[in-house]
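Only one structure is covered here, and it is reproduced in the block below.
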Amino acid sequence: MTTLSVLVLGVGGIGHAVVSSLDTEIARVDAFSDMKNRPDGGRGMNVLIVGTDSRDKITPEQKQKYRLGGAPCNCTDTIMLVHISRNRERASVVSLPRDSYAEIPEHTDTTTGKHHKPHPVKLNAAYAEGGPGLTVRTVEHMTKVKIDHYLEIDFTSFMKTVDALGGVEVCTVRPMKDSYTGLDLPVGTHKLTGGQALQYVRSRHIDGAADLGRMQRQQRFLAALVDRATSSGVLLNPVKFRRISSTMLGAVRADKGFGTKEMLALGRAMHGFSPASSEFTSVPVGDVGFLVPGVGSTVKWDTAKAEKLFALLRDDRPLAPHRPKRQKADVVDVSPDQIQVQVYNGTGIKGLGSKVDKALDAIGFDTTRAPTNGGGGQVERTYVTYDPRWNRSAKSLQAALPGAELRPVKGQGPLLKVTAGTDFKSVTPVRTQAPHRGEFGAVTGDQVVCP
């Protein structure tokens with residue numbers, strides 16, 4: 001997905017000769033040979049993006065630094081179905097858990113030559129048994145979505161893509177540490193190199209969400225990468241674009257039909273594409289520990305919800321809920337609508353309490369809507385009193401009141417109290433890193449990138 005995003009967004013402003021020369025650098029794979037009983041084609045374009053566990057081109061230093069010393073599984077580490085709308089104004093990215101319960105169609109093993117009848121496996125095993133072709137057939141069988149193009153990216157390609165763009169920025173409101181991958185990010189904003197980005201998208205042991213949490217981080221990273229590609233201006237320079245693209249394509253494999261003509265048409269059509277034009281979700285899951293004899297614990301999809309989700313893709317309809325254009329907001333740990341606030345006017349300025357209450361209410365805080373006077377005096381600096389048990393909520397409220405002081409008061413309870421001082425000017429919009437998601441948990445890219 002990373003390489004596809006960068007290439008497609010760049011070709012819209014680059015000449016035909018430059019893109020044509022890149023065509024010969026893409027390794028080709030036959031992902032659609034002998035395909036039978038395929039789903040009907042829908043509107044728009046569907047691309048199956050797989051990230052493989054290939055480590056052949058990783059240097060010994062990289063293997064040690066980024067914890068890549070394990071044996072490769074010859075399987076797909078990441079699987080995404082990307083739908084690009086017919087009008088080229090929207091890209092919908094659906095992550096498919098690699099441990100998804102799947103029923104592989106009848107096929108011949110590409111390694112052993114042995115013929116197999118349909119049988120259950122984890123989705124990522126389809127690649128090991130039958131390569132790209134069987135992976136495409138299995139995904140089409142599960143989703144009833146016809147795949148138009150296939151793109152395969154390995155660890156090396158991913159790291160080179162990020163490094164070629166000069167790094168990609170991510171932000172986190174909680175520390176992220178995974179001893180398996182070596183990821184260690186404190187709270188804050190971080191510009192990740194290619195190797196660090198690989199740690200970020202591969203980590204599965206940060207919290208109890210395991211692979212499902214990892215997929216959300218992958219989606220967040222893709223949104224950040226699109227933001228970087230569209231805002232840096234590097235893709236509009238033919239010389240830089242040629243150098244970056246040549247670097248990235250060294251470890252990419254694509255189907256024979258995804259060539260110069262398709263890249264140019266798609267790139268020009270997606271002119272003006274931005275993070276807000278992309279939406280991300282994961283296939284709805286019903287059982288994360290579905291046991292299958294001989295296979296082990298698998299992830300079983302919620303059949304009814306998954307069918308509805310893929311029907312929307314076939315019909316070329318958006319997955320994320322419609323919403324008005326969102327203003328920029330600082331990322332906080334607790335959502336404003338979960339924070340109860342009582343406002344006091346600590347000054348002699350008439351109407352200040354009401355002004356602060358309305359301003360906080362407008363950006364989502366659960367205010368009492370009944371501000372009162374603070375008991376006389378002339379408070380110069382706005383302050384917030386809070387029970388230490390609700391310190392995360394207090395810090396989120398403080399972010400909305402730049403310069404406000406925090407004063408802990410044991411036993412105060414969940415209600416936070418704001419005393420407005422003469423220094424109050426305005427509030428700053430805030431949001432959590434995990435915004436409200438619609439029926440399918442879909443969010444647009446601008447909701448998950450750093451503010």
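The values are calculated or read from the model by the stated rules, or taken from the named source; none is laboratory data. Quick caveat: nothing in here was measured; it's all calculated off a predicted structure. For neighbour counting, all protein chains shown are included, and Cβ atoms are generated from backbone atoms with ideal geometry for every residue, glycine included. What goes into the accessible areas is simple: the full protein's heavy atoms, side chains included, and nothing from ligands, DNA or RNA. Shrake-Rupley method; radii C 1.70, N 1.55, O 1.52, S 1.80 Å.
Amide H to amide H distances under 5 Å link V252 with A27, where only residues 5 or more positions off or on other chains count and H is placed in the peptide plane. Phi angles of region 79-89 translate, via the Karplus equation with coefficients 6.51, -1.76, 1.60 and θ = phi - 60°, into HN-Hα couplings of 9, 9, 9, 10, 10, 9, 4, 4, 7, 6, 9 Hz per residue; Gly and Pro are given as x.
Taking every Cα-Cα distance in region 122-188 and sorting them into 10 Å bins from zero, the calculated P(r) comes out as 15, 28, 26, 28, 2 percent. At 1.4 Å probe size, with no ligands or nucleic acids counted, give the accessible surface of V170 in Å², nearest ten. Number for this one is 10 Å².
Distant-in-sequence amide contacts of R431, defined by a placed amide H-H separation under 5 Å and a gap of 5 or more residues or a different chain, comprise D330, V331, V332.
Using Stokes-Einstein with the Kirkwood hydrodynamic radius over Cα pairs, what translational diffusion coefficient do you get for region 331-432 at 37 °C and a viscosity of 0.692 mPa s, in µm²/s rounded to a whole number?
Translational D for this selection: 250 µm²/s.
For the pair R369 and R174, the difference between a 0.36 nm per residue extended length and the Cα-Cα distance amounts to 67.1 nm. Relative protection proxy for 386-396, 360-370, from highest mean packing down: 386-396, 360-370 (other beta-carbon atoms within 10 angstrom).
Heavy-atom accessible surface of H119, to the nearest 10 Å², is about 40 Å², with a 1.4 Å probe and all protein chains retained.
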